[in-house]
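Visitor: Here it is: the structure, laid out below.
The values are calculated or read from the model by the stated rules, or taken from the named source; none is laboratory data. It should be emphasised that the depicted structure is a prediction, and the values quoted were computed from it without experimental measurement. As a convention, Cβ positions derive from the backbone with ideal geometry for all residues, glycine included, and neighbour counts pool all protein chains shown.
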Amino acid sequence: MPFYLRPEAHDWFSNLQKSKKPGRGFTLDFDMYYTCLIAGIAAGKRAKLPDDPKLDLSDFPGEYRQNGKLIVAMFLARECKVRGVRLDDRKRLHDTIRDLVSPDSSPWLSPAGMRLMNEYAAGGLDVLIDSSRGQKPQHLEAFLPKFLAQIDQLLNPS
Amino acid sequence: MISLRVIGWEARGLRCPDHTVQFSEGSGDAARVALLQMPNGTGKTTTLRLLRAALSGDAASWTPKQVRELKKRGRDDDEGVFRLSMLLDDARLTVSLRLDFEEGTVSYSTTYGDGKQEGFKPPQALRRIMRPEFVNFFVFDGELANHLLKPSHTKAEGVIRDLFRLDLFDKLTARLNEHWEDLTAKKGATEPKGFNRRFNKVQDLKKRIGEVEAEFERVTEERDRVKSALLEQKNKFDKAILEREQYAARLSKATGELEQARAAADGEASRLLTRLRSPHAVSPVLAGEMATLTASLDRVKLPESTAKEFFEELAEEAECVCGRPLNEETRRHIRERAKRYLGAEEMNLLNTLKAEVKAHVGGSAGDERAKVNADVERLKQSLRSRKQAQQDKEEVEREAAGDDPKLDAARRQIANLEQQLLDLDNQVRRYEDRDESRGDKDTLGLDVLRTRLARAEKKLAEITRTLDLKERRDRLASILETARDKAAAGIKREVVRQTNERIDELMKQNALRVKNIRGCLVLEHPESGSVQQEGSVGENLSVAYAFLATLFNRSGEHELPFIVDSPAGPLDHQKRTKVAGLIPKLTSQFLAFVISTEQADFVEPLEKALAKAGGGKPLYLTLFHDGRVPDLGATVGTRDGDGRLVTGREFFVNIRDVLKDEEVD
């Protein structure tokens, strides 16, 4: 179980976790991680992990399995941008890929890549909490449009 | 078995005649008994002091004044040298002292085995013996005999402790304590106080969890009860309304529409969530970046068409694919360049990533997001419909309640129950709180409390193990202490027994014996049972000889030389004879500094005893300041600076009347 979700996330998303009925809330625990990851990546915000993080989410569950490689590709593309890697710079592209990706492990990330992704997810929770002024999301149907608007704003600040 | 024998020494520029003495006999072996006659005033005390210094290393701590006191009078030498030669088993060991009278310092050098080393460096086997506190027991005088018997001194007990390594028990105890400290250094608590603190923490958490679980159960039961009551009340209310014809149809319709609107809203929300699980659907920016990355990888030809493994295998071949032979340099170059290529598995993964992005993101980065936007619009529409359906149903209920006070009361009760349920839901949620920032008494988060209990139990287990370890350490320390005391008692008993056997031989007519060793040797008269602090001078010396011989000549363990100043001086003539007869049995090597007046009743019995023991004859040496013996021919003995050394019994015995008039040293 390589993914680390901050314990506070369970409390923050508690209203979306009450029901596992489709449409009433998050049906997968990984939805919390993914939502945080997208927020962290969009904001370019990472948070420090504990020394011995409790890795408690299994590897790309449910529908995320088929999207796993897309998530890795999104993470790679974003990290190249953060690192200022020019996409025509073959050597730096090659080095960045070798640093972050590993064919040996199931989420296809190297230990450094996995740690970095977990740091983005940890930072993303702060992004979500800060933007809603501490108000926990109450209902999935209200949360999702707000989340999308927030991501749009982070990625298109103008 | 350690056997140490003195084979000679050399003194130059010191406050004794310059001389070189050799105790080796014709065979090369060290003499078993040697008597060195040095009249008073010829530097006997100086020589003994230098011998002790060479055997113990203690001259390194002498003060400049102490060093300069040893300078030869009447000469202006800048330095003096004393060199002691010994045999450790069959290997030569030499300790040299160089006394710098200008600086007032002494420097040592040691020659053994591998060669000369600066400093006092006795071989490992001798390090526990060649120490100041030990050397005084085998280089001694009459003073030692007194100290062995005086309660104010603990020399007898001390030498037994040192010689039989009883200090090892204390060292083991010290090591045990060090190990314990190492083990517990990183643990928070090592004492019962720490244990109690951690034990109480576990108990407090268990109690707190018990209380919170009970509250949680109570609140959950209450919520379930309210939920059931609400459902029941709603059913009753709906049934009551349906029984009124004017509202029945409207309520049925409104309820059906609300259920449909809810289902539609849930469906839309679910669809949107599912779509958003694809990252490229979340934002066209993310989708665009993924597509750009993929296209760029294609442009720069990543992954390569050739895997790293190809080049690694190529480097093993005799020749390149182009046919040119490969040498070590080109192979190294190929291996180095191979690192620039991805491995086959990395290539496969990267190709799959690219294929996935191409398949899902396609040419237009905004396609999926457009679908998401449509989903969001449908969701909003369904939410509006749901809201409308909810309001329609409530309107029917309000109208019905307005017509019937009973229904109105029931409606208010439903509202009341709904509020209660909301409150109880919120209460239940507090028990699911995962916030770690609140203290044990302030949090209701059961998971938090259980995690803390697990941590507290782990820490308690640690200290429990630590305390168990402490108990074992204490037990082992107690065993070591008991072993040390028992060993000491047993050794002292055996030393007393063997000492008394030797005393029997020395003083057959004398009933004085060693009773026990309590710091010093405790004497008694067994017949009268009275304890005696000390005997006559002769008795004391006899007891000391017996005791020291018991300690320093133990077959199978060690044999050390006895270097004795005035061995017979304090003894009456009868005891001199007996001590002389005992000397070959006392020690493997006996070197004595004698003065002329000690010879009577000592030399002859010693010769006889030595011959009887198969030890040959004593070596007789006479050392004095050259010129002190009138009319002595230049060929007699060996002249060495201001000293003259004469070897042989005849000179030794006959010159005594001349030499006894020398000045006191």
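Visitor: Would you be able to say whether some residue in segment A:81-94 is more than 7 Å from chain B (Cβ to nearest Cβ), under 18 Å from the mean Cα position of the chain (by Cα) and crowded, with 19+ Cβ neighbours inside 10 Å?
Guide: no
Visitor: Which of the following residues is more than 9 Å from chain B (Cβ to nearest Cβ) and either in a helix (DSSP H, G or I) or within 25 Å of B:Ala359 (Cα to Cα) (or both): A:Leu116, A:Leu49, A:Leu70? Give the derivation first.
Guide: Working: A:Leu49 fails: either in a helix (DSSP H, G or I) or within 25 Å of B:Ala359 (Cα to Cα) (or both); A:Leu70 fails: more than 9 Å from chain B (Cβ to nearest Cβ).
After applying the criteria, what remains is A:Leu116.
Visitor: Across segment B:361-386, which residue is farthest from the other protein chains (Cβ to nearest Cβ) among those that are within 25 Å of A:Arg90 (Cβ to Cβ) and surrounded by 14 or more Cβ atoms within 10 Å (Cβ to Cβ)?
Guide: B:Ala365
Visitor: For segment B:387-407, what are the residues that are over 19 Å from B:Ala249 (Cα atoms) and more than 14 Å from every other protein chain (Cβ to nearest Cβ)?
Guide: B:Pro405, B:Lys406
Visitor: Tell me, which residue of segment B:145-169 that is in contact with a helix residue (DSSP H, G or I) (Cβ under 7 Å, 6 or more places away or on another chain) and over 12 Å from B:Leu551 (Cβ atoms) is surrounded by the fewest Cβ atoms within 10 Å (Cβ to Cβ)?
Guide: B:Asp167
Visitor: Is it true that B:Val219 is β-branched (Val, Ile, Thr) and away from every other protein chain (no Cβ under 14 Å)?
Guide: So B:Val219 passes the test.
Visitor: Quick one: B:Thr173 ticks every box in (1) among the β-branched types (Val, Ile, Thr); (2) outside any loop (DSSP other than H, G, I, E, B); (3) touching a strand residue (DSSP E or B) at 6+ places or on another chain (Cβ under 8 Å) bar one, so which box is it?
Guide: It fails just one condition, (3).
Visitor: Being surrounded by fewer than 12 Cβ atoms within 10 Å (Cβ to Cβ) and out of contact with any Leu (no Cβ under 8 Å at 6 or more places or on another chain) is the filter here, so list the residues in segment B:314-331 that pass it.
Guide: Within segment B:314-331, B:Glu316, B:Cys322, B:Gly323, B:Arg324, B:Pro325, B:Asn327, B:Glu328, B:Glu329 qualify.
Visitor: Additional query: Of (1) among the small types (Gly, Ala, Ser); (2) surrounded by fewer than 19 Cβ atoms within 10 Å (Cβ to Cβ); (3) at the interface with chain B (Cβ under 9 Å from one of its Cβ atoms), A:Ser102 satisfies all except one. Which?
Guide: With (1) among the small types (Gly, Ala, Ser); (2) surrounded by fewer than 19 Cβ atoms within 10 Å (Cβ to Cβ); (3) at the interface with chain B (Cβ under 9 Å from one of its Cβ atoms) applied to A:Ser102, the lone miss is (2).
Visitor: Check every one of the strands (runs of 3 or more DSSP E) wholly within segment B:22-140 and list those with 3 or more residues that are crowded, with 20+ Cβ neighbours inside 10 Å.
Guide: B:33-37, B:79-88, B:91-100
Visitor: Please specify each residue of segment B:583-604 satisfying the condition of being closer than 18 Å to B:Leu506 by Cβ, within 51 Å of the chain's Cα centre (by Cα) and either of a type in the set (Gly, Ala, Ser) or in a loop (DSSP other than H, G, I, E, B) (or both).
Guide: Across segment B:583-604, the qualifying residues are B:Thr587, B:Ala592.
Visitor: Taking the criterion of being assigned to a loop (DSSP other than H, G, I, E, B), in contact (Cβ under 8 Å) with a residue 24 or more places away in the chain and either under 30 Å from A:Gly68 (Cβ atoms) or within 13 Å of chain A (Cβ to nearest Cβ) (or both), would at least one residue in segment B:312-327 satisfy it?
Guide: no
Visitor: Here's another thing I want to ask about it. For B:Ala355, work out the one condition from (1) aliphatic (A, V, I, L, M); (2) closer than 30 Å to A:Trp108 by Cα; (3) crowded, with 19+ Cβ neighbours inside 10 Å it doesn't fulfil.
Guide: (3)
Visitor: Given B:Gly256, B:Gly267, which one is part of a helix (DSSP H, G or I) and either more than 9 Å from chain A (Cβ to nearest Cβ) or in contact with a Cys (Cβ under 9 Å, 6 or more places away or on another chain) (or both)?
Guide: After applying the criteria, what remains is B:Gly256.
Visitor: Can you tell me which residue in segment B:334-352 is nearest to the other protein chains (Cβ to nearest Cβ), limited to those that are loosely packed, with under 13 Cβ neighbours inside 10 Å and assigned to a helix (DSSP H, G or I)?
Guide: By that ranking, first place goes to B:Arg337.
Visitor: What is the one condition in (1) more than 33 Å from the chain's Cα centre (by Cα); (2) at pLDDT 90 or above; (3) under 30 Å from B:Lys492 (Cβ atoms) that B:Thr173 does not satisfy?
Guide: Here B:Thr173 meets the rest and fails (1).
Visitor: Specify the residue that is nearest to the other protein chains (Cβ to nearest Cβ); the eligible residues are those in segment B:431-452 that are surrounded by fewer than 17 Cβ atoms within 10 Å (Cβ to Cβ) and under 16 Å from A:Phe13 (Cβ atoms).
Guide: Once the filter is applied, the top-ranked residue is B:Asp435.
Visitor: I would also like to ask the following. Restricting to segment B:271-311, name every residue that is of a type in the set (Ser, Thr, Tyr), farther than 15 Å from A:Phe147 by Cβ and in a loop (DSSP other than H, G, I, E, B).
Guide: Those that are of a type in the set (Ser, Thr, Tyr), farther than 15 Å from A:Phe147 by Cβ and in a loop (DSSP other than H, G, I, E, B): B:Ser305, B:Thr306.
Visitor: Here is a follow-up. Scan segment B:494-528 for residues that are within 40 Å of the chain's Cα centre (by Cα), crowded, with 18+ Cβ neighbours inside 10 Å and touching a residue at least 40 places away in the same chain (Cβ under 8 Å) and jot them down.
Guide: Residues satisfying the conditions are B:Val495, B:Ile517, B:Cys520, B:Leu521.
Visitor: So, one more: Could you please give the count of residues in segment A:124-141 that are part of a helix (DSSP H, G or I), more than 8 Å from chain B (Cβ to nearest Cβ) and surrounded by 15 or more Cβ atoms within 10 Å (Cβ to Cβ)? Walk me through how you get there before you give the answer.
Guide: Going residue by residue through segment A:124-141, those that are part of a helix (DSSP H, G or I) are A:124-131, A:140-141.
Narrowing further to those that are more than 8 Å from chain B (Cβ to nearest Cβ): A:124-131.
Right, trim to surrounded by 15 or more Cβ atoms within 10 Å (Cβ to Cβ) and you get A:124-129, A:131.
The qualifying residues number 7.
Visitor: May I ask you to verify whether B:Glu607 is crowded, with 17+ Cβ neighbours inside 10 Å, without any contact (Cβ under 8 Å) to a residue 24 or more places away in the chain and more than 47 Å from the chain's Cα centre (by Cα)?
Guide: On the way: crowded, with 17+ Cβ neighbours inside 10 Å: yes; without any contact (Cβ under 8 Å) to a residue 24 or more places away in the chain: yes; more than 47 Å from the chain's Cα centre (by Cα): yes.
Yes.
Visitor: Right, another one. Tell me yes or no: at least one residue of segment A:38-45 is within 8 Å of another protein chain (Cβ to nearest Cβ), in a loop (DSSP other than H, G, I, E, B), closer than 25 Å to A:His139 by Cα and modelled with pLDDT of 90 or more.
Guide: no
Visitor: Those residues that are without any contact (Cβ under 8 Å) to a residue 40 or more places away in the chain and surrounded by fewer than 19 Cβ atoms within 10 Å (Cβ to Cβ), I need them from segment A:30-67; list them, please.
Guide: Result: A:Gly44, A:Pro50, A:Asp51, A:Asp52, A:Pro61, A:Gly62, A:Glu63, A:Arg65, A:Gln66.
Visitor: Counting only residues that are more than 8 Å from every other protein chain (Cβ to nearest Cβ) and in contact (Cβ under 8 Å) with a residue 60 or more places away in the chain, which one in segment A:16-29 is surrounded by the most Cβ atoms within 10 Å (Cβ to Cβ)?
Guide: In this case the residue turns out to be A:Gly25.
Visitor: Among the numbered conditions (1) within 25 Å of B:Leu230 (Cα to Cα); (2) within 14 Å of chain A (Cβ to nearest Cβ); (3) not β-branched (Val, Ile, Thr), tell me where B:Gln420 comes up short.
Guide: B:Gln420 satisfies all of (1) within 25 Å of B:Leu230 (Cα to Cα); (2) within 14 Å of chain A (Cβ to nearest Cβ); (3) not β-branched (Val, Ile, Thr) except (2).
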